[in-house]
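Take a look at the structure set out below.
The values are calculated or read from the model by the stated rules, or taken from the named source; none is laboratory data. The structure presented is a predicted model; accordingly, all values stated were derived computationally and were not measured. Don't worry about glycine lacking a Cβ; one is built from the backbone with ideal geometry, like all the others, and counts go over all protein chains shown. These accessible areas exclude ligands, DNA and RNA; they are computed on the full protein's heavy atoms, side chains included. Shrake-Rupley method; radii C 1.70, N 1.55, O 1.52, S 1.80 Å.
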Amino acid sequence: MNQWKNFSKGFFKENAIFSLLLGMCPTLGVTSSAENGLGMGLATTFVLVMANLVVSVVKDFIPDKVRIPAFILIIATFVTIVEMIMQAYVPALFESLGLFIPLIVVNCLVLGRAEAFASKNNVFSSIIDGAGMGLGFAMALTMLGSIREILGSGKIFGITLYPEDYGMLVFVLAPGAFIALGYLIALINRLKKA
Amino acid sequence: MGKRASTLPNMVLTLLVITAISGSSLGFVYQLTKEPIAAARLKKQQEAIKEVVPGFDNDPGSEMYELTSAENFVLKVFPAKKEGQLIGVAIESITNKGFSGEIKVMVGMKPDGTIINYKVLEHKETPGLGTKMADWFKTDKGNQSILEKHPGKNKLTVVKDGGEVDAITAATISSRAFLHAIEVAYTTYTKNADAATSATTQTKYEEGEEQ
């Protein structure tokens with residue numbers, strides 16, 4: 001497969017959030033600001049690339065019947081490593097994302113790519129796939145986070161655009177995540193048809 | 001494809017190898033990050049103390065002692081001294097009345113109990129609502145601010161409960177919880193204040209005996 005296509009499919013055609021609707025839990029949970037969305041997206045990208053890499057290397061050694069527990073173990077290991085490294089070197093980011101980092105383990109996107117792609121393709125393609133999917137995920141989270149931050153608290157990446165008092169509070173809360181995500185998916189689907 | 005067959009020994013062995021590798025690599029990273037994590041925590045604590053009681057020249061961390069509140073919360077008290085004189089205390093206070101879970105606040109008080117400053121350390125309140133407490137009670141607007149107030153002389157509860165502090169809009173529960181944490185800090189500290197001087201010397205004696 002063309003590697004560029006393999007990489008770019010994660011951004012639009014097979015975007016985890018807009019097309020596959022995978023990994024909704026962190027999507028709705030952390031995107032109350034653009035910065036949180038980006039941080040979560042990048043952490044997931046790291047886990048995705050590493051998990052894809054390892055899974056594609058060991059795929060031939062893992063008996064079919066235990067492949068899911070084996071994949072989960074590999075993913076959980078990388079998530080815990082990310083958690084410890086973040087806690088040690090970027091405590092500020094860890095503070096705002098801390099609760100959600102362990103949730104990367106159950107992000108179906110990571111397991112989904114391990115199962116659907118890395119366990120069938122070679123190492124290089126799997127890394128490219130992980131990077132594309134992860135960055136596409138990060139892009140989607142940042143978009144959603146930006147929309148919610150602008151509408152909800154009048155800021156973008158912490159820079160004030162208008163006084164917070166005029167913000168629509170609902171967008172910072174959970175219902176706002178659903179509303180914003182719904183419109184965003186509708187828009188992307190419309191663009192895809194065109 | 002040379003996939004390995006799903007026989008029992010194969011499966012057990014595979015999972016065993018994977019868990020062993022995972023376990024040892026986690027142990028390795030844990031060792032590697034243990035010190036930076038502890039350092040980051042300590043730095044955060046020291047910065048919080050500096051923010052809530054500025055101007056000390058001792059090491060409040062090393063003179064820290066613990067007090068137990070009426071609710072059985074263990075509060076950490078960091079005495080801030082300048083040239084040997086007590087200029088204030090930073091109290092790490094907790095409340096369990098938050099909208100979702102515990103709230104930890106570092107409160108800085110003058111020795112008489114007047115609030116100098118505060119810093120919210122940990123909480124799980126709603127983003128955009130309860131989280132505003134980080135600045136709300138410092139902002140000099142209406143009756144929001146609790147700075148320079150005295151929990152013994154001013155009634156530091158929300159207006160709805162007959163107090164004199166404006167609650168955060170749409171986050172009365174978080175506001176109540178926050179003020180509760182301040183109150184816990186104040187009452188626990190003043191209750192022990194009379195005994196505080198003797199208490200500190202007492203702990204020192206005890207420590208001396210242990211040595």
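Within region B:131-152, identify whether any single residue is closer than 16 Å to B:E51 by Cβ, open to solvent by 40 Å² or more (accessible area, probe 1.4 Å) and in contact with a helix residue (DSSP H, G or I) (Cβ under 7 Å, 6 or more places away or on another chain), and answer yes or no. Within region B:131-152, none of the residues are closer than 16 Å to B:E51 by Cβ, open to solvent by 40 Å² or more (accessible area, probe 1.4 Å) and in contact with a helix residue (DSSP H, G or I) (Cβ under 7 Å, 6 or more places away or on another chain).
In region B:61-173, counting only strands (runs of 3 or more DSSP E) that sit wholly within it, the ones holding 1 or more residues that are within 14 Å of chain A (Cβ to nearest Cβ) span B:101-109, B:115-122.
Of all residues assigned to region B:47-61, at least one qualifies as being in contact (Cβ under 8 Å) with a residue 24 or more places away in the chain and in contact with a helix residue (DSSP H, G or I) (Cβ under 9 Å, 6 or more places away or on another chain).
Checking the conditions here, which among A:T142, A:T160 is more than 30 Å from A:V58 (Cβ to Cβ) and within 12 Å of the chain's Cα centre (by Cα)?
Every option except A:T142 fails the conditions.
Among the criteria (1) surrounded by 17 or more Cβ atoms within 10 Å (Cβ to Cβ); (2) within 27 Å of A:V30 (Cα to Cα), the one B:L156 does not fulfil is (2).
Number of residues in region A:32-74 that are facing another protein chain (nearest Cβ under 10 Å) and open to solvent by less than 10 Å² (accessible area, probe 1.4 Å): the value is 4.
Restricting to region A:95-113, and then to whatever is within 14 Å of chain B (Cβ to nearest Cβ) and touching a Gly at 6+ places or on another chain (Cβ under 9 Å), can you tell me which residue is nearest to A:L22 (Cα to Cα)? Selected residue: A:F100.
For region A:132-140, indicate whether the set of residues that are closer than 22 Å to A:L187 by Cβ, crowded, with 23+ Cβ neighbours inside 10 Å and among the aromatic types (F, W, Y) is non-empty. Within region A:132-140, one or more residues are closer than 22 Å to A:L187 by Cβ, crowded, with 23+ Cβ neighbours inside 10 Å and among the aromatic types (F, W, Y). Residues in region A:78-86 include at least one that is open to solvent by 60 Å² or more (accessible area, probe 1.4 Å) and within 10 Å of chain B (Cβ to nearest Cβ).
The single residue among B:V74, B:V12, B:V17, B:V29 that is open to solvent by less than 30 Å² (accessible area, probe 1.4 Å) and of a type outside the set (D, E) turns out to be B:V29. Can you tell me how many residues in region B:32-60 are more than 14 Å from every other protein chain (Cβ to nearest Cβ) and surrounded by fewer than 12 Cβ atoms within 10 Å (Cβ to Cβ)? Residues meeting the conditions: 2.
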